[in-house]
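Below is one structure, written out as structure tokens, with a few remarks after it.
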Amino acid sequence: MQRSALSRFSPFNWIVRQPRFERWLQKRGPLAPPFRIAYRQVYILPTRFGIIFAILLTAMLLGALNYNNNAALLLAFMLATAAQLSTFRTWRNLSGLDVGTIHTKPVFVGDQALFRLNLYERQGFERPILELDSGRQDINDTGINLSLAAEQSGMLEIPVQTSRRGWLECPRLRLSTIYPLGLFRAWSWIHPQQRCLVYPQLLDNPPPLPSPSTGDGKRNLQPEPDADFAGLREYRPGDHLKEIAWKATARMNKLISREEPPTAYSELLFKLPQTGSQDIEQALRILASWVVLAEQRGFRYGLSLPAVELTPDTGAGHRHQCLRALALWQN
Amino acid sequence: MHTETQSKVSSIAISTAADSQDLTSQQQLLNELGKAIAQVNRIVLGHPDAVRLAFCSLLAGGHVLVEDLPGVGKTTLANALACTLGLEFRRIQFTSDLLPADVVGISVYSQTNERFAFQPGPIFSQIVLADEINRAPPRTQSALLEAMSEEHITVDGKQRELPRPFFVIATQNPVDLAGTWLLPDSQLDRFLLKIKLGYPPAQAERMLLEQPDRQTFLTSAEPILNTDKLQTLIQRANQVHASGALLDYIQALLSASRQHAQISVGLSPRAGLALLRASRAYALLHHRQHILPEDVQAVFVALAGHRVKIIEQHSEQTPDPSQIAQDILHATAVP
Amino acid sequence: MFTGFGIMAKLTKRRPLVQRSVVLWVMATALFAILPHLTRMPILLSAALIAITGWRVSRFYRNPHWLLRTITVLCAVFIISWLYEGLWGRLPGSQLLCCMLVLKCLELNRSRDAMLMVSLSFFVVATWFLFSQSPLTFVYLVTATWLGLTTMIVINRGGTEQSEIRSMFVQGARLAIPAVPLALAMFFLFPRLSVPLWGIQGGELEGVSGLSNSMSPGDISNLFIDDGPAFRVTFSDPQPSQSELYWRGPVLTRFDGKRWTQSIYSSVVTQIKPERENADLSYEIELEPHRRQWLFALDYPAIYPGDSRLGLDYQLRSIRPVSNVRRYQISSDTSFRDNRALNSTLLNESLRIPDHVGRRARRLVAEWQAQDDSTNAIMQRALHHFRDNPFFYRLDALPLLDDPIDEFLFDSKVGYCEHYASAFTFLMRAAGIPARVVTGYQGGFDNGEYFLVRQSDAHAWAEVWLDDEHGWTRVDPTSWVAPNRVQQGSRAVVDVPNWLHAPWLVDMRNQVDKIRHWWNKNIVSFNANRQSRLLQPWGIERVDQRQLLLLLIVLSVIISAIVFWWYRRVDHIQHVDPVVRAYHKLLHRLRHAGIDTPIHAGPQTVMQKVIAYCPDIRQQVENLFNRYIHHRYAAPNISVEEQPQQSNRLALARRLNSFKLPKRR
């Protein structure tokens, strides 16, 4: 434990963990993309390897000075000045870069939310190995890097694991580079104002869709008995007796249910009580799964939650509206 | 300095003395092309860019998809093109009950010959106007789209060639109108360019109200080009020079489209070839023997808009593909 | 309630493995670092290191088990300590470092390991400078720095393609080249230590050629073919003639029958010194390190460095061994006579000869004494003995086995200075005349501004106590056998190997030595003392370290500013085509003038904007831009009259460069 803490030590991490640093950073104002990284917004510190290198150089320097070994002294000075010059190149690798807006698309709980960042090189020189990370332990952001040629644009993507529905704020991002020598890290903060909508988790095996709305004064559309059905599937608890395909059941030796026929005229209105679940979160998951299923099968569907009413419709836009309502409901 | 340029010009002239005949005929052809464009512009008021793109697509041997609200002059544009070019012209009004056979044709048993005879559909025509293509069911749509890509039709196991040149102008209502089927993404790139008309500018719209009905213009329009001339022009367009620097530029655009944060699938190499083809035609429209970056830029939005797949972003506002194409243009440096 | 809430999984963020190209780069750097060390290693060890390197870069390489790695490291430590009887010291230390560097490659998996190996390589390079600091090592230093920095860049890029190697080296050079002036500034201005922080140990003699503190006939011969420099002399007074240049080194008084060694009295400081006022010959010596204490001088040093002592035998010794190039000022009193220092002990020592050798020689001396007993007569007889009998001066003399005196005098009669000096001294002692052997260098080569004394100029002669008036007097028996040796230098009598002394080769060597001299003078022997006198040419007598530091900071800032400016220039894409380069410069100028030319603007768009900006020169602008467009986008012209492409190109580039926007009214 002690050792790993030591091996993880870097001046950067140490500074970032200071609460005073956070306050200071806030004072400097948020850097919400799109913006161009100004020279003042580039910070630079030696890396862990940079410190090891400095110790080695100091040892070499002291030895050379002591023995007045001038060639070794010259070597130590050469390396020290090269390291010093590399800071300028490291800093320049970041300075003047254009950071575009961050884009993301809604995901379901359990999936990875991808925040995509566009970078534009407009200064006319190459910028190798730009790294993006969040400095957070729970985000797997190792090795996200990109090299931009002169006057080229590129994209970096940071995956964030989702664990709850609702809005997921994009973490504070750090765009950094250690090029060319790896002795110094120059970085710049990006405070995206972007957030990602996280829909409730989809269930692998959701209960069957409820029968088309009944008793609401809406059209009660019973599936015609002779309508050709889209297919058969295994029986799930909760399937109505009428839905069981007895012939197929006899053939396959297990309970088989009919899939709902894909008639464009069915209208479904999902409500919380239909899910039969006491747990609100579970109920929302079931509703979300239903919305996805209904859209897949081409139904017209709507959502009726306390304080939220979405009239039956179809299409990608409607699906999003429903899922969004579920994601944000009482959240 | 001035004389230097003149001497340069004359040297070019000498070098191509052998083809001087050719050169004058080409000049003549280009002049006629200019006249044709002018005539179409007289009929379709207020959309000179769209008209130029339509001609560009024609010269590049590609098909055009015109997308806009009903009543802005899509059909007029197609009609005007057909009249002016002096080509055989058919119109297919796509409806929800249109069958594939209604487009490509059908084999009918002929009593007199005592065998099946093929009755060619409206697609066997040099210019086909597929009106409101997204109102037909997908099967019918793909019948047309397949014919467009393969330039022949197979009916009853027999392959039938389509006439040359074969040029489809499809019109489409924006998808958010009810009762439409979206064209499948994978087949959208059968159209070289997707043109938007939009409302005409105020000046043009006023003139539209003032002048007699467009139909009278159409009937009075004279064919300016013909099949042979058009074929020669298409051939000429193919010979327009693309320099190394220009190819670099096109490549940079392609890779920028793949790098864009809002695009999930960028432009394919086939799209790159199409871009080159369209740019060639556009350069020829401007009487040039070589492509300039400006030519590429002029066709890029119309070409890339329907080929990139945008990341669905329902949250706030759906990004407009042509806006993103414009973004890519702005982010890419001319070498 | 929220089942997914609060899961903050600690991910193991593992860095990816390094690419094969990175391994190749790192191994090349390591190999380059150990290359000079390999020449000093036992052949089997260096072969093993090369084999491990080869295995690591081959396609058959698999990471060995950790146990095997540990055993290999232990083996290396054991072998080195067995070879050199310990690990402490320059040679075993540096070779152990080499082994560790190469063995680290068995654990070269992540970029961290690669970076560590490069740093270690730099350290190995630095240890080489303990062995040599010649001008060639400077070239080696710069090359090694360049290669090392390039490798670091490659590691941070995560690898290279074959086609990128050149550009990688260019990137490396952009760090290494500007580092040279900055490093030199630091070198001269960084405060030096005038007193070492910790002890400097001497006594390690391996691999350093030069005189030793004992002599047995046949010893020096390996020096004669060593053309390496021993020291250089710059005379400020008119230089003495060649035959006067006896550079006095160790004085050997004791003789055990085989070997001449120094007397313990030579380290006793003499009380009777030549007077400083009498010094009439001053010169500066630049001594190559020989890791002994003695300093060379002409007879007899009157003014000498403060950290050296003059012994009873007037031999000059430094307090510390000479482990670096050393420059010192000496003034000699040529008229001084060493005639007062002979006490009884020293006298006894100067007469003692072992009984078991030189019996025939003693009989010969007895014969001479029977004829004339005077010191002078005996001396003359001895010298004439060498000249009149068939004695030869040859370097390839056979080794003398049992009795080096008799065998030489009566049997072989072939030898060189050591043999003659040794035999002559023996004869004198046998006659009861105090005598001793002096080793040192004789002569030197006038290389323009300085005198070069090579190892091959090593010489041995005798000193005889004549009487109380003359004291110790130098007698060189070799000059009676081979007068050329003393008059023209060692080269006149040496005939092996011949080709090494071809005139052009000798000339070239002398030129090369001039570089070495300059290098030694200005770089290698630069120290705290010289540093304080750095600004003397500008009239500032002494600078202290604070002023130096200030100067260093100012100079660093200036040089850094220049380098940064240079970086800004070279970083931008350099178009190979001069026309394109000129066009982009023009765009830059237009932007400065306020014409909005974004990067995505094509040439025609730019032209329209320029025309809109200054419609007066429309013709000129159109002309220029059309030519550019034609050059860049039109099909190549196949006209016969076409001017050569290149000159056309340059003309257009010139026109683009000379285009100026008119001032806006």
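With Cα atoms as the point set, region B:40-176 shows a radius of gyration and Dmax of 15.8, 54 Å.
Which value, in debye to the nearest 20, describes the size of the charge dipole of the protein assembly as shown about its Cα centre when Lys and Arg Cβ atoms bear +1, Asp and Glu Cβ atoms bear -1, and nothing else is charged?
2500
Between the helical axis of C:417-430 and the dominant principal axis of chain C, each derived from Cα atoms, what acute angle in degrees is found, rounded to the nearest 10? That helix lies at roughly 30 degrees to the long axis.
Maximal additional length on extending the B:ALA245-B:GLU161 stretch stands at 26.4 nm, based on 0.36 nm per residue less the C-alpha distance. Against chain C, whose longest principal axis comes from its Cα atoms, helix C:66-84 is set at around 30 degrees. Pairs exceeding a 30 Å alpha-carbon distance, out of B:LYS35/B:LYS309; B:LYS196/C:LYS609; B:LYS194/B:LYS229; B:LYS196/B:LYS229: B:LYS35/B:LYS309. With a cut-off of 14 Å between beta carbons, the residues surrounding A:LEU73 carry a summed charge of +2, where Lys and Arg count +1 and Asp and Glu -1.
Only helices enter the 222 nm calculation for chain C: every DSSP H run of n ≥ 4 contributes -39,500 (n - 2.57), and dividing by all residues gives -14500 deg cm²/dmol, rounded to 500. With equal scatterers on the alpha carbons only and no solvent term, can you work out the Debye log10 of I(q)/I(0) for region A:2-199 at 0.08 1/Å? Each listed q maps to, in turn, -0.33.
In this simple spin-label model, placing a label point 7 Å from the Cα along the Cα-to-Cβ direction at both C:GLU85 and C:HIS630 gives a separation of 8.7 nm.
When the inverse distances between all different Cα atoms of region C:355-479 are averaged and flipped, the Kirkwood radius reads 15.4 angstrom. Charges on Cβ only, +1 for Lys and Arg, -1 for Asp and Glu, centred on the Cα centroid of chain B; of B:PRO319, B:GLN231, B:GLN126, which one is farthest towards the dipole's positive end? Going by the Cα projections, it comes out as B:GLN231.
About its Cα centre, region C:20-158 has a charge dipole of approximately 420 debye under the convention of +1 per Lys or Arg Cβ and -1 per Asp or Glu Cβ, with nothing else charged. For B:ASP68, B:ASP185, the sequence from fewest to most other C-beta atoms within 10 Å is B:ASP185, B:ASP68. Globularity index of the protein assembly as shown is 1.40 (Cα radius of gyration / 2.2 N^0.38 Å, N = number of residues).
Across all directions, the average projected area of the convex hull around the alpha carbons of region B:240-335 is 5.7 nm².
Computed over the Cα atoms of region C:292-406, the ratio of the radius of gyration to the Kirkwood radius (Rg/Rh) comes to 1.07. Test of understanding: what is the full-extension gain from C:HIS356 to C:LEU44, defined as 0.36 nm times their sequence separation minus their Cα-Cα distance? Stretched fully, the C:HIS356-C:LEU44 segment lengthens by 107.9 nm. If one puts a single equal scatterer on every Cα of region C:578-658 and applies the Debye formula without solvent, what log₁₀ I(q)/I(0) results at q = 0.24, 0.25 Å⁻¹? So the normalised log intensities are -1.24, -1.32.
Quick one: dipole size for region B:144-239, taken about the Cα centre, charges +1 on Lys/Arg Cβ and -1 on Asp/Glu Cβ, in debye to the nearest 20.
Dipole of region B:144-239, to the nearest 20 debye: 220 debye.
Working out 0.36 nm times the residue gap between C:ASP468 and C:GLU349, then minus their Cα-Cα distance, what length gain in nm do you get to one decimal? My answer for the length gained is 41.1 nm. Computed over chain C, the alpha-carbon pair-distance distribution with 10 angstrom bins reads 3, 11, 16, 17, 15, 13, 10, 7, 4, 3, 2, 0, 0, each value a whole percent. Per-residue Cβ neighbour counts within 10 Å put B:ARG307, C:ARG387, A:ARG172 in the sequence C:ARG387, A:ARG172, B:ARG307, beginning with the fewest. Counted by Cβ distance under 12 Å from C:ILE34, the other residues give a net charge of +2, where Lys and Arg count +1 and Asp and Glu count -1. Think of the protein assembly as shown as having a plus end and a minus end, set by charges on the Cβ of Lys, Arg, Asp and Glu; of C:GLY448, B:THR24, B:LEU303, B:LEU303 sits farthest toward the positive end of this dipole.
Taking the beta-carbon count within 10 Å as an exposure proxy, list B:HIS241, B:HIS260, A:HIS318, C:HIS584 from fewest neighbours to most. Could the numbers behind the result be given before it?
Working: B:HIS241 15, B:HIS260 24, A:HIS318 21, C:HIS584 18.
Going from sparsest to densest Cβ surroundings: B:HIS241, C:HIS584, A:HIS318, B:HIS260.
What residue among B:PHE166, B:PHE217, B:VAL72 has its Cα farthest toward the positive end of the dipole of region B:21-238, where the charges are +1 on Lys, Arg and -1 on Asp, Glu, each on the Cβ? Projecting each Cα onto the dipole axis, the largest value belongs to B:PHE217. Taking Cα centroids, how far is region C:502-557 from region B:258-335 in Å? Cα centres, region C:502-557 to region B:258-335: 64 Å. With respect to chain C, whose longest principal axis is taken over its alpha-carbon atoms, helix C:578-592 is tilted by about 70°. Shape analysis of chain B yields a ratio of the Cα radius of gyration to the Kirkwood radius, Rg/Rh, of 1.00.
Normalising by residue count, region C:20-158 has a Cα convex hull of 97 Å³ per residue.
Spin-label model, A:SER277 to C:SER282: label points 7 Å out along the Cα-to-beta-carbon direction sit 10.2 nm apart. How much of the DSSP beta bridge set in chain B is antiparallel, as a percent to the nearest 5? That works out to approximately 40 percent antiparallel.
Read-outs throughout are calculated quantities, based only on the coordinates presented, and are distinct from any laboratory measurement. Since the structure is predicted, the reported quantities are computational estimates derived from the model, not experimental observations. We place every Cβ from the backbone using ideal geometry, glycine too, and count neighbours over all the protein chains shown.
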